[in-house]
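What follows is a set of notes on a single structure, which appears directly below.
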Amino acid sequence: MLKSQLILLFFVLINSCVYCQLYQGHAEEESIHANQRLSPKGYFGNKWRRQVLGGDSEVPIITNNTVASTSLAGKSSADSEHVVTRDGKFFSLFTVVKFANDDCTTAANENGTCYSASECSSRGGVSSGSCAGGFGVCCTFSYTCGQTTYQNSSYFSNLNYPSSYDSTGSCQLTVNKVSSNVCQLRLDFFVMVLIQPETNDSNCNRDQFIVTGGSRVPAICGTNNGQHMYIETGLLGNSPITLTVVTSGTGFARQWRIKMTQMNCDSIGRAPNGCLQYYTGVSGTIRSFNYDGTSGRQLSNQDYSICIRTESNFCSIAYSVCSGGVYSITGPTGGSATAQGTPIGALVGATTCNTDWLTIPCASDNGRAIQRGNTVCQDRLCGDAFASVVQATSGTVITSVRPFQVTVHFDAFEAIVPTSLTNVQGQFNNRGFCLSYIQQPCTS
């Protein structure tokens, strides 16, 4: 009897150990299959889930260890954070995906900032399209009259944009730095349509866009779609920048939408000090404010610098009038109160160019200090043709002085309707300028 009991106990112990091994192997196999079923595939399945990026936005997602998550339906969020296994260990149900709040492009092809959907909503933004591999939304922030923003990559628009604005008033937006490391505010005029300047002196007396609180910026009006400005915000303090659109009178469909980008002091995209406009690339186009070859008018009281980044292995730059464009910053001579006078061509030098001019250091027709014809290079250019020598037609102007820079000076009087012979001289019907540039490679 005792022998039979011992034999029976022996078989029980063997079966018990076999069962344990089989269960352990089965559990491991099930865990592997579960991981294969639930593990995200590819780049984002690994990189995002391992929290490689790090950043400002966090999104909780279900991880590979949530095999038993379906059994937790109805429990509180605190209860559902962990699953208890047979051996008493806890496995996290959720992990936090972190991603940087980088720039992104919305479905409407506007610039936005990548946030989680909840962050975008809580900050007052509007989501349009996805980013960060689908974990974030491209969020835009729009502000209008009487508001204040602490948000980077945001927009300043007229009331009820994209509808037009037809009223008299002053629309102001206060822009605060997002951090003490901000040194510049870049303004991109996606849309900027205001009333044209006065016909008798081309000043912006009715409508104008002005900037206060930062570096000096000339007031502008008219049509300036596609233009931009860099505003110096200062290294010390967090004083705000105020953007103001002043409108006078009704009967005109005004419209504006300005993108505001705050530039860090160490940003590679920051403009050099003193540059209201800053262009990059081997070639491009620069234009005066309110430029239009047929109907736009040169604005009065303009003093600012346009800077162009010198690209690697390029040593000089060539300027010419845009194809189909106009260069007219000093009008014709003679004429009358009702008729335009004789074109004056290209003029150079401080003596002749004493009202409106462009400064291009050591401008010449060959890129050297001594031009063709044995004349010296010039710094100051004006007239109704663009050249570095006195001539009737426009040509190519080259300079090797770096950094590349064009300084604009337009005085306080520009007339489209002359009232006497005295204001016809050099001031009548000026259109401004449109210049194409292309950098020239170093030859040695």
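Test Val211 against the criterion of being outside the structural domain of Ile306 (by TED's automatic domain parsing), part of a loop (DSSP other than H, G, I, E, B), within 18 Å of Gln147 (Cβ to Cβ) and not acidic (Asp, Glu), and give yes or no. Step through it out loud before you land on a result.
Working: outside the structural domain of Ile306 (by TED's automatic domain parsing): yes; part of a loop (DSSP other than H, G, I, E, B): no; within 18 Å of Gln147 (Cβ to Cβ): yes; not acidic (Asp, Glu): yes.
Here the answer is no, as Val211 does not meet what is asked.
If I ask for residues that are without any contact (Cβ under 8 Å) to a residue 40 or more places away in the chain and surrounded by fewer than 20 Cβ atoms within 10 Å (Cβ to Cβ), which ones from region 128-140 would you list?
Within region 128-140, the first condition is being without any contact (Cβ under 8 Å) to a residue 40 or more places away in the chain, and the residues that meet it are 128-131, 137-140.
Passing the criteria: Ser128, Gly129, Ser130.
Could you say which residue among Cys145, Cys171 is in a loop (DSSP other than H, G, I, E, B) and either in contact with a strand residue (DSSP E or B) (Cβ under 6 Å, 6 or more places away or on another chain) or in contact (Cβ under 8 Å) with a residue 60 or more places away in the chain (or both)? Even if it seems obvious, please write down each step before you answer.
Values: Cys171 fails: in a loop (DSSP other than H, G, I, E, B).
Testing whether each residue is in a loop (DSSP other than H, G, I, E, B) and either in contact with a strand residue (DSSP E or B) (Cβ under 6 Å, 6 or more places away or on another chain) or in contact (Cβ under 8 Å) with a residue 60 or more places away in the chain (or both) leaves just Cys145.
Do the conditions hold for Ser122, that is, is it exposed (fewer than 14 other Cβ atoms within 10 Å of the Cβ) and closer than 30 Å to Asn273 by Cβ? Steps first, answer last, please.
Numbers: exposed (fewer than 14 other Cβ atoms within 10 Å of the Cβ): yes; closer than 30 Å to Asn273 by Cβ: no.
Taking the combined requirement at face value, the residue does not satisfy it.
From the set of residues in region 297-316 that are more than 25 Å from the chain's Cα centre (by Cα) and under 22 Å from Leu276 (Cα atoms), which is surrounded by the most Cβ atoms within 10 Å (Cβ to Cβ)?
Our first condition is that a residue be more than 25 Å from the chain's Cα centre (by Cα); within region 297-316, this holds for 297-298, 300-301, 313-316.
If we keep only those that are under 22 Å from Leu276 (Cα atoms) too, we end up with 297-298, 300-301, 316.
Working: Arg297: 22, Gln298: 26, Ser300: 23, Asn301: 17, Ser316: 20.
Among residues in region 297-316 that are more than 25 Å from the chain's Cα centre (by Cα) and under 22 Å from Leu276 (Cα atoms), the one surrounded by the most Cβ atoms within 10 Å (Cβ to Cβ) is Gln298.
Does Gln298 satisfy the criteria of being polar (S, T, N, Q), outside the structural domain of Phe190 (by TED's automatic domain parsing) and modelled with pLDDT of 95 or more?
Details: polar (S, T, N, Q): yes; outside the structural domain of Phe190 (by TED's automatic domain parsing): yes; modelled with pLDDT of 95 or more: no.
For Gln298, the condition - polar (S, T, N, Q), outside the structural domain of Phe190 (by TED's automatic domain parsing) and modelled with pLDDT of 95 or more - is not met.
What pairs come out if I take residues in region 381-405 that are on the phi > 0 side of the Ramachandran plot and pair them with residues that are surrounded by fewer than 22 Cβ atoms within 10 Å (Cβ to Cβ) and in a loop (DSSP other than H, G, I, E, B) whose C-beta lies under 6 Å away, six or more apart or interchain?
Once the first residue is on the phi > 0 side of the Ramachandran plot and sits in region 381-405, its partners that are surrounded by fewer than 22 Cβ atoms within 10 Å (Cβ to Cβ) and in a loop (DSSP other than H, G, I, E, B) give Gly383/Ile344; Gly383/Gly345.
Inside region 174-206, can you point out the residues that are outside any strand (DSSP E or B) and of a type in the set (A, V, I, L, M, F, W, C)? Walk me through it before giving the result.
Restricting attention to region 174-206, the residues satisfying the condition of being outside any strand (DSSP E or B) are 176-181, 194-206.
Of everything in region 174-206, those that are outside any strand (DSSP E or B) and of a type in the set (A, V, I, L, M, F, W, C) turn out to be Val178, Leu194, Ile195, Cys204.
Which residue pairs have Cβ atoms under 9 Å apart, sit 6 or more places apart or on different chains, and have a first residue in region 332-352 that is within 20 Å of Gly395 (Cα to Cα) and of a type in the set (Val, Ile, Thr) and a second that is modelled with pLDDT under 60 and surrounded by 18 or more Cβ atoms within 10 Å (Cβ to Cβ)?
Once the first residue is within 20 Å of Gly395 (Cα to Cα) and of a type in the set (Val, Ile, Thr) and sits in region 332-352, its partners that are modelled with pLDDT under 60 and surrounded by 18 or more Cβ atoms within 10 Å (Cβ to Cβ) give Ile344/Gly426.
What number goes with the only condition from (1) farther than 23 Å from Glu311 by Cα; (2) modelled with pLDDT under 85 that Ser444 does not pass?
(1)
Can you tell me which condition Tyr327 does not meet? The list is (1) of a type outside the set (D, E, K, R); (2) modelled with pLDDT of 95 or more; (3) closer than 30 Å to Val193 by Cβ, and all the others hold.
The one condition Tyr327 does not meet is (2).
Scan region 197-212 and report the pairs whose first residue is modelled with pLDDT of 90 or more and surrounded by fewer than 18 Cβ atoms within 10 Å (Cβ to Cβ) and whose second residue is part of a loop (DSSP other than H, G, I, E, B) and of a type outside the set (A, V, I, L, M), with Cβ atoms within less than 7 Å and a gap of 6+ or a chain change.
Asn203/Pro197; Asn203/Ser300; Asn203/Asn301; Asn205/Glu198; Arg206/Ser248; Arg206/Gly249
Do we have Ser153 as polar (S, T, N, Q), closer than 30 Å to Thr330 by Cβ and surrounded by 20 or more Cβ atoms within 10 Å (Cβ to Cβ) here? It would help to see each step written out before you state the result.
Values: polar (S, T, N, Q): yes; closer than 30 Å to Thr330 by Cβ: no; surrounded by 20 or more Cβ atoms within 10 Å (Cβ to Cβ): yes.
Taking the combined requirement at face value, the residue does not satisfy it.
The values are calculated or read from the model by the stated rules, or taken from the named source; none is laboratory data. The shown structure was predicted, so the numbers you read here are calculated from the model rather than taken from an experiment. No Cβ is skipped: glycine too gets one built from the backbone with ideal geometry, and neighbour counts run over all protein chains shown.
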